[in-house]
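This report refers to the structure that appears directly beneath it.
Nothing in this text is a laboratory measurement; each read-out follows from the coordinates by a stated rule. Since the model is a prediction, treat every value here as computed from it, not as a measurement. When we count neighbours, we look across all protein chains shown, and the Cβ atoms used for this are built from the backbone with ideal geometry, even at glycine.
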Amino acid sequence: MATPFRQAPFRPTRRSVLAAVPPAALAAAWAPPARAAAARPGQSAPAGAFRPEAAYWFPDSVPDGEPGEGVVWRSLLDYAPEDDPDLPYNAATVPLAERVAPVPAHPGAPADGARVQSLVSFAPTAGHPAQGGPGARHYAFTHWAYLEELVFWGGSSAEGLILAPTAPVVDAAHRNGVPVLGTVFLPPRTYGGDLQWTRDLVRRDEGGEYPVAAKLAEVADAYGFDGWFVNAETEGGDSALADAVRGFLKRLRTLSGKRITWYDAMTTSGAIDWRNRLDEANEPFFHDADGPVAHTMFVNFDWTAEGLAASAERARELGRDPHRLWAGIDVEARGPGTPVDWAALFGADPAGAVSIGLYRPEWTHTSLPEDAGPEEFHRREEGFWTGPAGRPAPAGEGEWPGIAAHAPDRCAAAELPFGTVFNAGHGTRYAVQGRTASTEAWHHLGVQDVLPPRRWVRRGGGERPPGVALDFTEPFHGGSCLHVRGLGPEAAEIDLYPARLDTAGLDGAAVELIHRGEGVRVELAAAWAEPGAPGEAPPYTHLTAPEGAEPVPGTPWKRSVFPLPAGEEGPLRALGVRLRAEEDGTEWRLGRLVVGRPGGPPPARPGRPRIEAAHTSEDGGTALRVRWNPAEGARHYELFQVTGEGAVLLGATASTAFHAHPVRRLPGEDAARLEIRAVGRDYARSAPAELQHPW
């Protein structure tokens, strides 16, 4: 059984604060924190704003007065991608992967059942770095297999109401086949809302066009994300304004072809009335006489079993899938301690009356003790998403069953070569091919791997199955690896990936494992057929490495290659390992897994490396805006400063632009020497692209 959560002290939710606190107090409490420096619209950014940051805007008019420190008030109607110096740092580069639905992990989560939408605030609206940053304390979400879509939640009346997601979040999500939505937040008056901003949003020009809708479509295309979550909660509207909002939604859908989620707040009268169901008062924002308006609707949090059943029936009468309705669950304050009427959602049908809408599941991060490392964060994440059984399982008697108890997993349809180093996108160090390249803590979701979706399905291993977790102390590449504890003489089988890898047409196809652990016999578990029923094991064939395990030079790691048998029909559908140790209590680590042809060509060298700007701070550290041209075959890039003792990592990114900081002058150095290497899908590395920054 998983270790019980240590519950954080109760913190009030946004909704309970809204109901209980006077407006003046709210305005002060929800003001953004002070930051480095301010700039008025139309002025160039000050030196303190050299770092590229996430973009945010007002629809058109900005508040009266002056912005807070570090906040820039911008009108979306003034935005032009070609004039945006931060766009290369904010634009996603990973295309949205296709997804496949494996046979479910258990009967309680049918493949055609409820989906999950997650609203996450990764950082404050203003001052959110575009390209990751120092420190491992970050909401490094990895359970993408359970998400239908992610909403990059944020916005405030003191900063901006329209928030575009950052490239690292979109790249990580897209690599796993998950769309990402930006946020349009028109706040209640108690949060400083102004009905003028709603009117700005839906205003039409002389030609009848919706100029803000056109800009929203332009931004989504330029930044490479997938749609918008529209939340209109400002009181004081009328039916004419509600009709204008509906017309705006329909035009946005037509212009962008992107996803739109509507939040259950404004009604057809223009009033703000959270209905907690789909009914005649909010239906026209989801579906009207002309057909679908929003793709999905987030149903407010105070739903009931009767309301959800009626909502599902109403959706079916419209010809819409009830699973396009998200039943809101506010977990911001209590995480898995949140009371939820799961029976209202799933009591009548394991497929669910409607789908799940999670508000602020980053509780697993925000509630961490100050001294907690990434291991504790991921332990909490697995309890929240996988559940108390330590593997996907039907709901039991506990209050929080884990999202995997009700939601089926879906995995990205990976291309060959497929590789993973089990990198979670953050860590307390960074390794490159078994050697430490940096001892600094870091986070950047854009370099996160596709991680095993079912954590952790194990068979055998004795009375107590071995423990499996991400390890941040001894990565092979990146910030983490897979760590198995408690192995013994009885074989333990661990599922890793439900796959769709077409290896039949690839001559010399093999699976390469880089691993470490003394006295462990390692076999590859590979299946070319699906399990016979939910919860059953894949029909694995167990393979051995004919050449054994050869050392990786200069490291404690070993490399084993498992040739895949010829003649198997269809794609490879599941991968795992079978392990047995000479002694009880043995540990084993898996640092890299690659499916493909061993020894394939590395990616091309990044082209035209250049430093487009530099800024030196008072402490002597220099920040560089570095750019380069894409390299064919690259999954991400790694930047280094070359020293007399070797190359030191400055950072890693999936983008072709990076904010490198700090770069420090070495004794006797006339110019800083930098290298950029492309890393392929199989983790082969390119020759370096070299550049210099003169001091």
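What share of Cα pairs, in percent, lie more than 12 angstrom apart in segment 578-623?
81
When the Cα centres of segment 77-112 and segment 593-628 are compared, how far apart do they sit, in Å?
23
Which order results if Trp326, Trp695, Trp442 are arranged by neighbouring Cβ count within 10 Å, fewest first?
Trp695, Trp442, Trp326
5 Å is the cut-off here: which amide hydrogens, built 1.01 Å from N in the peptide plane, fall below it relative to Arg259, excluding neighbours closer than 5 in sequence?
Those qualifying (amide H under 5 Å, at least 5 residues apart or on another chain) are Gly227, Trp228.
Compute the convex hull volume of the Cα atoms of segment 157-209, divide it by the residue count, and report the result per residue in Å³ as a whole number.
Value for segment 157-209: 122 Å³ per residue.
What lysines does Lys250 reach when the alpha-carbon gap must be under 25 Å and sequence neighbours fewer than 8 apart in one chain are set aside?
Partners within reach: Lys215, Lys258.
For Arg99, which sequence-distant residues (separation of 5 or more, or a different chain) have an amide H within less than 5 Å of its own amide H, given hydrogens modelled in the peptide plane?
Ala413
Determine how many Å³ per residue the convex hull of the Cα atoms of the chain encloses.
For the chain, the hull spanned by Cα atoms encloses 164 Å³ per residue.
Taking θ as phi - 60°, what are the ³J(HN,Hα) couplings along segment 436-444 by the Karplus curve (6.51, -1.76, 1.60), each to the nearest whole Hz, with x for Gly and Pro?
My calculation for segment 436-444 gives 6, 9, 7, 9, 8, 5, 7, 8, 6 Hz in order.
Determine the distance separating the Cα centre of segment 457-528 from the Cα centre of segment 311-331; give it in Å without decimals.
39
Can you tell me what share of the DSSP beta bridges in the chain is antiparallel? A percent to the nearest 5 is fine.
In the chain, DSSP labels about 75 percent of beta bridges as antiparallel.
Take segment 460-509, compute every pairwise Cα distance, and split them into 10 Å bins from 0; I just need the percent in each bin.
Using 10 Å bins, I get a P(r) of 21, 31, 32, 16, 0 for segment 460-509.
Just need log10 I(q)/I(0) for segment 607-694 at q = 0.16, 0.26 Å⁻¹, Debye formula, equal scatterers on the alpha-carbon atoms, no solvent, rounded to two decimals.
With one equal scatterer per Cα and no solvent, log10 I(q)/I(0) is -0.60, -1.41.
Give a residue-ordered list of calculated ³J(HN,Hα) values for segment 91-108 (Karplus: 6.51 cos²θ - 1.76 cosθ + 1.60, θ = phi - 60°; whole Hz; x for Gly, Pro).
3J(HN,Hα) across segment 91-108, in whole Hz: 7, 5, 10, 8, x, 5, 6, 6, 10, 10, 10, x, 4, x, 5, 7, x, x.
So for Arg610, Arg635, fewest C-beta neighbours within 10 Å to most, what's the order?
Going from least to most buried by this count: Arg610, Arg635.
Ranking Ser157, Ser75, Ser61 by Cβ neighbours within 10 Å, fewest first, what do you get?
Ser61, Ser75, Ser157
Residue-wise, which Karplus ³J(HN,Hα) couplings in Hz belong to segment 77-82, taking 6.51 cos²θ - 1.76 cosθ + 1.60, θ = phi - 60°, and x for glycine or proline?
Once rounded to whole Hz, the list reads 5, 8, 7, 9, x, 5.
Summing -39500 (n - 2.57) over the DSSP H runs of n ≥ 4 in the chain and dividing by its residue number, what mean residue ellipticity at 222 nm do you reach, to the nearest 500 deg cm²/dmol? Let's see the in-between values first.
Numbers: 12 runs with 104 residues, N = 695.
Rounded to the nearest 500, it is -4000 deg cm²/dmol.
Net charge within 12 Å of Arg189 by Cβ-Cβ distance, Lys/Arg positive one each and Asp/Glu negative one each, not counting Arg189 itself?
Every neighbour counted, the sum reads -3.
Relative to 2.2 N^0.38 Å, what does the C-alpha radius of gyration of segment 479-587 come to as a ratio? Two decimals please. Intermediate results must be reported in sequence, preceding the final value.
Numbers: Rg = 14.7 Å, N = 109, 2.2 N^0.38 = 13.1 Å.
Output field value: 1.12.
Just the Kirkwood number for segment 414-596, please: inverse of mean 1/r across all distinct Cα pairs, in Å, one decimal.
Result for segment 414-596 stands at 16.8 Å.
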